[in-house]
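The values are calculated or read from the model by the stated rules, or taken from the named source; none is laboratory data. Keep in mind that what you see is a predicted model, and the values were worked out from it rather than measured. Heads up, the Cβs are rebuilt from the backbone with ideal geometry, glycines too, and the neighbour counts pull from every protein chain shown.
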Amino acid sequence: MRKTAFLVALGLCIMTLPRIAYAAEEKTSVFNGEWAGYGYMCFAGNSNTLKPSPKEMVNIEYTNNKIVATKLTGDPCVTAGQITWYAQIPSTIEYGKYYQAKWHGGRPSRPNSSWHDGRIIFITDSEIRLHGKSQENWSITFTNKYK
């Protein structure tokens with residue numbers, strides 16, 4: 001692992017993050033498993049008001065340069081057992097770099113009904129963030145509960 005400094009602006013916070021380069025077999029052991037997601041939002045009933053969800057558990061799997069998060073616990077917008085987000089990632093990844101992703105959305109009246117563009121960023125071995133198309137919109141933070 002290379003330890004080159006990399007500056008990333010996250011809101012008003014500026015962090016120094018190491019660059020990382022993992023071989024495919026290393027990524028499998030680092031990212032596969034159960035993760036807790038914080039920051040999920042879902043519409044309240046049939047209104048246009050978003051309501052925060054409590055911690056939701058996901059299972060993350062990495063195979064063939066694709067990382068997939070499947071909900072173990074869900075909410076009325078995206079139910080348990082559904083893919084919540086996925087991304088194609090290169091054979092080497094870097095902390096602090098955004099990668100294109102797709103995230104699953106819905107409403108209580110039509111759960112699991114839409115896919116949207118987003119981005120993921122690897123913060124550390126045990127923290128990944130999912131952002132909407134623009135990082136200023138919202139984010140969900142995933143932490144590996146076993147790290």
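Listed by position, the strands (runs of 3 or more DSSP E) contained in the range 1-64 that have at least 3 residues being at pLDDT below 60 and surrounded by 11 or more Cβ atoms within 10 Å (Cβ to Cβ) are 5-10, 13-18. All of GLY37, GLY45, GLY96 fail the test of being within 14 Å of the chain's Cα centre (by Cα) and on the phi > 0 side of the Ramachandran plot, apart from GLY96. Looking at the range 69-90, can you tell me whether even one residue there is under 11 Å from the mean Cα position of the chain (by Cα), assigned to a strand (DSSP E or B), farther than 19 Å from SER139 by Cβ and in contact (Cβ under 8 Å) with a residue 12 or more places away in the chain? Taking every residue of the range 69-90 in turn, at least one turns out to be under 11 Å from the mean Cα position of the chain (by Cα), assigned to a strand (DSSP E or B), farther than 19 Å from SER139 by Cβ and in contact (Cβ under 8 Å) with a residue 12 or more places away in the chain.
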